[in-house]
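Notes to accompany the following structure.
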Amino acid sequence: MKQEVEVSFYLKKNEMKEDGKCPVMARLKVGKSETTFSAKMTVPVSLWTSGRATGKSHAASGINAQLDAYRASALSHYRELYAVRIKVTAEDVKSALLGMAFGQETFISYFRRHNENFDKRVGVNRSPEAAYSYWYALGHLEKFLQKKYKLSDIPFKALDKSFIEGFDFHLRIESGYKPGTIIEIMTRLRIIINYVICEGIITCDPFAGYSPERPNPVQKYLTRGELDKLMTTPLTNPNHYLIRDLFLFSCYTGIPYSDMRKLADEDLTLAEDGTAWIRTARKKNDNPYEIPLMELPLQILERYRGKASKDRLLPVFCNSTMNRGVKAM
């Protein structure tokens, strides 16, 4: 039994731009089901009345022509779906209208499939941290789609520069993330889109012309007085003593967190003159390095001897716990 299909439009006035234009939202009803989504167009508020542009100007005629095309396309997709399905919902028509045909992979599903395959390589030639970064980027992308377009997925052809810039705006303004975090998320998204381009799914690079704001690097350092104060200040949280020791070990050796957490017993060697050395390779690029140990790092290693698991030299907290602890101190 055929159902009544209604397509109407309204302005999202709480997102009015400085030029007086508002995004147009479409409301689609199929029988008792209903959904809304962005029509991906903006119109001046001054031209809008009762779901259409008013007047006979060229701008008004162009707007109404796009709205009529949307309505006609929705009705056409409904008829096509009704021919092969017993029940058709508003969500079905919206998906078809936005180019997400049944059985055709879409961008979010492609992204998710990539991440699932990436997870299978963790421990072989991929790190858990890299796997997490892809899921982290996908999570933010899904939140953006739901908030901006009320969608759970998008067709590949919807990937354009305006989509990338909209996602950047969402991260920077609406979510309040710092430039470094935005670059990390956008880098993962760009890698996925490069795969899509290489597979010939799309031909135009949506990142073309996009340049994210980059943080201004500020060289941070501790003075001798600040370091002495950190070493002698009594602490109230027992975990902070370990965090302080790990931070001092990094300061006195120059070994970053990612390398410090993987230091093993075999990396500690003794030279002929009795000097203790750390001899191992960087995690990020596998370049070898050698560092002689001063008295304080040796004391820290001795303090935690046998307390770390899997033959590690030091019991190390996760990065977020370390950062919170250092900030608290």
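The values are calculated or read from the model by the stated rules, or taken from the named source; none is laboratory data. The shown structure was predicted, so the numbers you read here are calculated from the model rather than taken from an experiment. Heads up, the Cβs are rebuilt from the backbone with ideal geometry, glycines too, and the neighbour counts pull from every protein chain shown.
Of the listed requirements (1) in a loop (DSSP other than H, G, I, E, B); (2) in the same structural domain as residue 311 (by TED's automatic domain parsing); (3) without any contact (Cβ under 8 Å) to a residue 40 or more places away in the chain, residue 235 misses just one: (3).
Among the residues of segment 166-184, none qualifies, meaning not one is of a type in the set (Val, Ile, Thr), within 20 Å of residue 202 (Cα to Cα) and not assigned by TED's automatic domain parsing to the domain that holds residue 40. Checking the stated criteria, residue 157 turns out not to satisfy the condition of being basic (Lys, Arg) and not in a helix (DSSP H, G or I). Can you tell me which residue within segment 63-76, out of those that are touching a strand residue (DSSP E or B) at 6+ places or on another chain (Cβ under 8 Å) and not aliphatic (A, V, I, L, M), is nearest to residue 29 (Cα to Cα)? Per the stated criteria, the residue is 71. Annotation note: Cβ proximity below 9 Å between a residue of segment 173-189 that is basic (Lys, Arg) and a residue that is outside any helix (DSSP H, G or I) (sequence gap 6+ or interchain) occurs for 178/215. Just so you know, in segment 138-183 the residues that are exposed (fewer than 15 other Cβ atoms within 10 Å of the Cβ) and closer than 16 Å to residue 196 by Cα include one that is modelled with the lowest pLDDT, and it is 157.
Here is a yes/no grid of residues against (1) part of a loop (DSSP other than H, G, I, E, B); (2) at pLDDT 90 or above; (3) farther than 25 Å from residue 88 by Cα; (4) among the polar types (S, T, N, Q):
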site: 7; (1), (2), (3), (4): no, yes, no, no
site: 10; (1), (2), (3), (4): no, yes, no, no
site: 17; (1), (2), (3), (4): yes, no, yes, no
site: 23; (1), (2), (3), (4): no, yes, yes, no
site: 28; (1), (2), (3), (4): no, yes, no, no
site: 34; (1), (2), (3), (4): no, yes, no, no
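Just so you know, in segment 218-252 the residues that are within 33 Å of the chain's Cα centre (by Cα) and β-branched (Val, Ile, Thr) include one that is modelled with the highest pLDDT, and it is 243.
Do we have any residue at all in segment 203-217 that's of a type outside the set (A, V, I, L, M), assigned to a helix (DSSP H, G or I) and in contact (Cβ under 8 Å) with a residue 40 or more places away in the chain? Checking segment 203-217: not a single residue is of a type outside the set (A, V, I, L, M), assigned to a helix (DSSP H, G or I) and in contact (Cβ under 8 Å) with a residue 40 or more places away in the chain. Among the candidates 26, 72, 59, the residue that is more than 23 Å from residue 162 (Cβ to Cβ) and of a type in the set (A, V, I, L, M) is uniquely 72.
Kindly establish whether residue 112 is assigned by TED's automatic domain parsing to the domain that holds residue 154, more than 15 Å from residue 150 (Cβ to Cβ), in contact with a helix residue (DSSP H, G or I) (Cβ under 9 Å, 6 or more places away or on another chain) and not acidic (Asp, Glu). Yes; evaluated as a whole, the condition is true for this residue. Summed over segment 42-62, the residues that are surrounded by 13 or more Cβ atoms within 10 Å (Cβ to Cβ) and in contact with a Pro (Cβ under 9 Å, 6 or more places away or on another chain) give a count of 3.
The condition of being surrounded by fewer than 14 Cβ atoms within 10 Å (Cβ to Cβ) and more than 30 Å from residue 304 (Cβ to Cβ) holds for only one of 217, 212, 238, that being 217. Here residue 132 meets the list (1) in contact (Cβ under 8 Å) with a residue 40 or more places away in the chain; (2) more than 30 Å from residue 36 (Cα to Cα) almost entirely, failing just condition (1).
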